[in-house]
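Heads up: the structure comes next, in structure tokens.
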Amino acid sequence: MADTNKNNIDLDFVYDFYTKMKNNNVSFAYEGEISHEITKVFSSLAESHIAIDNESNSLKRRVFHVMIESLQNIGKHSEEKIDKNSPTDGQGIFFMSKTKNEYTITTGNSINKKEIPNLKIKLEAINSGSKMSLKKLYKEKIKKGRLSEKGGAGLGFIDIVRKTEQKLIYSFLDINEKKSYFVLTSTISRTK
Amino acid sequence: MQVIRIEGTDDTPQVILDANPDNPIMEISGRSLPEDVVSFYEPILEWLEEYSESPLEKTILNIKLEYFNTASSKLLLDILLKLEDMADDGKDVLVRWHFPDDDEDMEEAGEEYEDIVEVPFEQISYTID
């Protein structure tokens, strides 16, 4: 009998999860390792999904772009990894949601608390930048910047905000003394 | 000089680098979001380095990308900087930047590279069916 009960709990969870997804307009959710293969598969999936909705090419490209940069961010920066030596295959969560006016791409991954102050400064600078100042920042970074060991150019956030023209929404949630969970949402307007 | 011919895939561009004086082709096209950008672009940069020692009378690089990620954008700049070095040496260099006529972002990316590097650019729009 114990087994049947356990099953019921699982089914409740499934329905609860489904309801929460629907209420938050989430059309796609994933938790796990973000490898290069997964990044490619999810991005093309989103591309074909958006194509069905008859969205413009430019919107399709923007969503595709934001997805790639967001997924690569998790892969490169998540503290949580199955293979500790892999420079890219970090673990994280990924959501895509769609409302009448916009698509949102949300990612979550654990990070070392020591990284928070720098990350905040970076995100705030990007969020408060004008179109022109972000263009300038992008140019400076691409000229001066060097690729990190992980193959990152340090341009992902700037590029997302430049392409979407929407501020990044983010928060840091406590996991324990050393780690926080970093949640980041990018918004892509459907009407622009 | 050795010819580089790399077939395009869903995450790497097609690359042709052929300095045959009768029919030179230098072209990067398709999608660029390689798993390892540095090792993908390394042979291309090495080829350009060697080519720049004795280039053809006129060097034309065609870039016709549908998509590139930010990591690739850095490597594309490195390629363009090699061409800038050649232009600084008084060589005749031209970049043809092709973009879909409905893709403002790709058009703007070309304009930005044109601002950053001192190499003549030609912006060419094309229509995707």
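What follows draws every value from the coordinates through simple rules; no lab data is involved. For clarity, every value in this text was computed on a predicted model and none was experimentally measured. For neighbour counting, all protein chains shown are included, and Cβ atoms are generated from backbone atoms with ideal geometry for every residue, glycine included.
Which of the following residues is surrounded by fewer than 17 Cβ atoms within 10 Å (Cβ to Cβ) and either out of contact with any strand residue (DSSP E or B) (no Cβ under 9 Å at 6 or more places or on another chain) or of a type in the set (A, V, I, L, M) (or both): B:GLU42, B:GLU57? Outline the logic, then answer.
Working: B:GLU57 fails: either out of contact with any strand residue (DSSP E or B) (no Cβ under 9 Å at 6 or more places or on another chain) or of a type in the set (A, V, I, L, M) (or both).
Only one candidate passes the filter, namely B:GLU42.
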Are there any strands (runs of 3 or more DSSP E) wholly within region A:100-189 with 2 or more residues that are surrounded by 15 or more Cβ atoms within 10 Å (Cβ to Cβ) and within 14 Å of chain B (Cβ to nearest Cβ), and if so which? A:179-189
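Looking at A:SER70, A:SER78, which is the one that is farther than 27 Å from B:GLY30 by Cα and either loosely packed, with under 14 Cβ neighbours inside 10 Å or out of contact with any Lys or Arg (no Cβ under 6 Å at 6 or more places or on another chain) (or both)?
Values: A:SER70 fails: farther than 27 Å from B:GLY30 by Cα.
It is A:SER78.
Going through region B:74-100 one residue at a time, which ones are more than 19 Å from B:LEU48 (Cα to Cα) and facing chain A (nearest Cβ under 10 Å)?
Within region B:74-100, the first condition is being more than 19 Å from B:LEU48 (Cα to Cα), and the residues that meet it are B:98-100.
B:PRO100, the sole residue that qualifies.
Tell me whether region B:116-126 contains one or more residues that are in a helix (DSSP H, G or I), within 11 Å of chain A (Cβ to nearest Cβ) and touching a residue at least 24 places away in the same chain (Cβ under 8 Å). Walk me through how you get there before you give the answer.
Filtering region B:116-126 for residues in a helix (DSSP H, G or I) gives B:116.
If we keep only those that are within 11 Å of chain A (Cβ to nearest Cβ) as well, we get B:116.
After this cut, where a residue has to be touching a residue at least 24 places away in the same chain (Cβ under 8 Å) as well, the list is B:116.
For region B:116-126, residues in a helix (DSSP H, G or I), within 11 Å of chain A (Cβ to nearest Cβ) and touching a residue at least 24 places away in the same chain (Cβ under 8 Å): present.
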Consider region A:30-65. How many of its residues are in a helix (DSSP H, G or I), away from chain B (no Cβ under 11 Å) and under 16 Å from the mean Cα position of the chain (by Cα)? 5
Residues of region B:25-54 satisfying the condition of being more than 14 Å from chain A (Cβ to nearest Cβ), touching a helix residue (DSSP H, G or I) at 6+ places or on another chain (Cβ under 6 Å) and either assigned to a loop (DSSP other than H, G, I, E, B) or not aliphatic (A, V, I, L, M) (or both): B:SER52
